[in-house]
Amino acid sequence: MVESKANGKELMLVAPDYSFSLHSHRFAAWCAATAASASKKCRFSVLAGVKLIEQSGLSQMAAGWNMLPDPEEFDAYHRGMRERLVALAPFIVGSGPCREFTHGVAAKLINCYLKPLYVVGPSDPQAMPEAQQEKLNAVHPPIDRLLLTSLIAADTGPRRVIWRKAKETGWSTFSSADYEAVIEAVRDFTSGELWKIERHWSGYQSSMDATN
């Protein structure tokens, strides 16, 4: 970064090479840090969220489709990245009250980082090459109370028990097993096109509390 100054006063920090991948990373990191720190049980700054993304290596995903894991490898990548973030968090976020950085919080950070990069940023999936479609379909959606509440109302099948249990647990306190059970139910409900679960997310029009 380069400091720009006028009359001896600092104006801003300017990246010497502002690439499109850096542009995408900055916006996605802001989205992810803001969303993941929404829970009252784990508060942290956008700067702390960005540090987590960059120091964990998650930021490498902004470099392009070739960096996104293949569908059959995505869940294992996600689990490993959650574990890395949970291990790193005490050194960046801290620990103690309001600093409970769980697998649920790590998942929210990952999912809300990848979503603007690959799920809502590109063109319609139907216009993509098949290999990119398959990668996009495997990306995990963000999970919150609003989505789970809507799924409880909409899904009368056997998955309803999973949605109820997840809502009672609260996304921000998910263990690794809790989170993976929800994602497996999402995969089943959407026939493998995970992003489509968000047809049931009312957050774009709701003032309900989705922070737990």
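The values are calculated or read from the model by the stated rules, or taken from the named source; none is laboratory data. From a predicted model like this one, the values you see are computed outputs, not experimental measurements. Because the Cβ atoms are built from the backbone with ideal geometry, glycine has one as well, and the counts that use them run over all protein chains shown.
Quick look at the numbers
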quantity	calculated
Those residues of the range 92-108 which are assigned to a loop (DSSP other than H, G, I, E, B) and β-branched (Val, Ile, Thr), in sequence order	93, 102
The lone exception for residue 146 - which of (1) in contact (Cβ under 8 Å) with a residue 40 or more places away in the chain; (2) more than 24 Å from residue 185 (Cβ to Cβ); (3) not polar (S, T, N, Q) it fails	(2)
Residues that are under 15 Å from residue 212 (Cα atoms) and without any contact (Cβ under 8 Å) to a residue 60 or more places away in the chain, drawn from the range 107-127	none
Some residue of the range 148-164 being surrounded by 19 or more Cβ atoms within 10 Å (Cβ to Cβ), touching a His at 6+ places or on another chain (Cβ under 8 Å) and over 24 Å from residue 26 (Cβ atoms)	yes
Candidates 185, 131, 127, 153, filtered to the one that is over 17 Å from residue 107 (Cα atoms) and at pLDDT 95 or above	153
Number of positions in the range 95-126 that are surrounded by fewer than 15 Cβ atoms within 10 Å (Cβ to Cβ), more than 20 Å from residue 197 (Cα to Cα) and out of contact with any strand residue (DSSP E or B) (no Cβ under 8 Å at 6 or more places or on another chain)	3
Residue match in the range 64-73 (condition: within 17 Å of residue 28 (Cα to Cα), in contact with a helix residue (DSSP H, G or I) (Cβ under 8 Å, 6 or more places away or on another chain), surrounded by 15 or more Cβ atoms within 10 Å (Cβ to Cβ) and among the small types (Gly, Ala, Ser))	no
Residues of the range 133-152 satisfying the condition of being under 11 Å from the mean Cα position of the chain (by Cα) and either in a helix (DSSP H, G or I) or within 21 Å of residue 64 (Cα to Cα) (or both)	139, 140, 141, 142
Failed item in (1) of a type in the set (Gly, Ala, Ser); (2) over 26 Å from residue 29 (Cα atoms); (3) modelled with pLDDT under 95, with residue 210 passing the rest	(2)
Enumeration of residues in the range 64-103 that are over 20 Å from residue 116 (Cβ atoms) and touching a Phe, Trp or Tyr at 6+ places or on another chain (Cβ under 7 Å)	86, 89, 93, 102, 103
Residue 86 being in a helix (DSSP H, G or I), of a type in the set (Val, Ile, Thr) and touching a strand residue (DSSP E or B) at 6+ places or on another chain (Cβ under 6 Å)	no
Looking only at the range 153-212, and only at residues there that are aromatic (Phe, Trp, Tyr) and not in a helix (DSSP H, G or I), the one that is farthest from residue 138 (Cα to Cα)	204
